[in-house]
Amino acid sequence: MCRVPFHLRLFGPWLAAAAVLVLGQDAADKAKFGDPINVLGSMERTDQDFQDGLALDLFSPKNRTLVVQQNLMPLPGNFVTDTTGESFMALQNYSYVISLNESANDLIAKIEITYDRTALAAIGIQDSNTYVGTLAGDKKSWIVNDATRNVHREENNTRIIKMTSLQGECIPLGRKTEDTANEFVQYGQGATRTVNQHQHRHCE
């Protein structure tokens, strides 16, 4: 699997958007927003790419159905809690709203969003300063959890790992202040994704 970033667009004073084009798989293999995704049970792997570069990688003990929608008017990206640092911004002009047919807190899951390293550099953001924020319960801020964030530089994506639930809203974020403490490269075979969340090494 190879996912190739395409271009960067700016969407206003508080938005800097890294739009991506995903190549290397048949278009039929990539889901569109609103498509029902069948989640395998018995802890079998469900690995689903979307046409814009979003990818969901999960194991579930039972069969479920998952849907991802776009929110075209998300909360601005500068409202961030639960992490240090400032100058956060959204990296695209929409967020992802993930829903399942039933409440699920028994998953082993990961969210990945592809970024364009060159485009990020053009707006002064290093890939080590990319995040996936989740919308807080009061819908007033994006939460960044430093314990579960991960940047995979070999694949040019930013992640939330070690998730037990996917229900909710998320968006890719970036900031200009330096933070490389949680930048890892996971063990694996090149571009092959893994949900082994406990084995990783620091980037060189």
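One residue alone among Glu154, Glu169 is more than 17 Å from Phe88 (Cβ to Cβ) and not hydroxyl-bearing (Ser, Thr, Tyr), and that residue is Glu154. Listed by first and then second residue, the pairs linking a residue in the range 105-134 that is over 25 Å from Leu66 (Cα atoms) and surrounded by fewer than 21 Cβ atoms within 10 Å (Cβ to Cβ) to a residue that is modelled with pLDDT under 90 and hydroxyl-bearing (Ser, Thr, Tyr), with Cβ atoms under 9 Å apart and 6 or more places separating them unless they lie on different chains, are Gln126/Thr180; Ser128/Thr180. Checking each residue in the range 61-98 for being hydroxyl-bearing (Ser, Thr, Tyr), touching a residue at least 60 places away in the same chain (Cβ under 8 Å) and surrounded by fewer than 14 Cβ atoms within 10 Å (Cβ to Cβ) picks out Thr81, Thr84, Ser87. Do we have Asp57 as touching a helix residue (DSSP H, G or I) at 6+ places or on another chain (Cβ under 8 Å) and at pLDDT 95 or above here? The answer is no for Asp57.
The values are calculated or read from the model by the stated rules, or taken from the named source; none is laboratory data. All values derive from a computational prediction rather than experimental measurement. Counting neighbours? That spans all protein chains shown, and the Cβs are built from the backbone with ideal geometry, glycine included.
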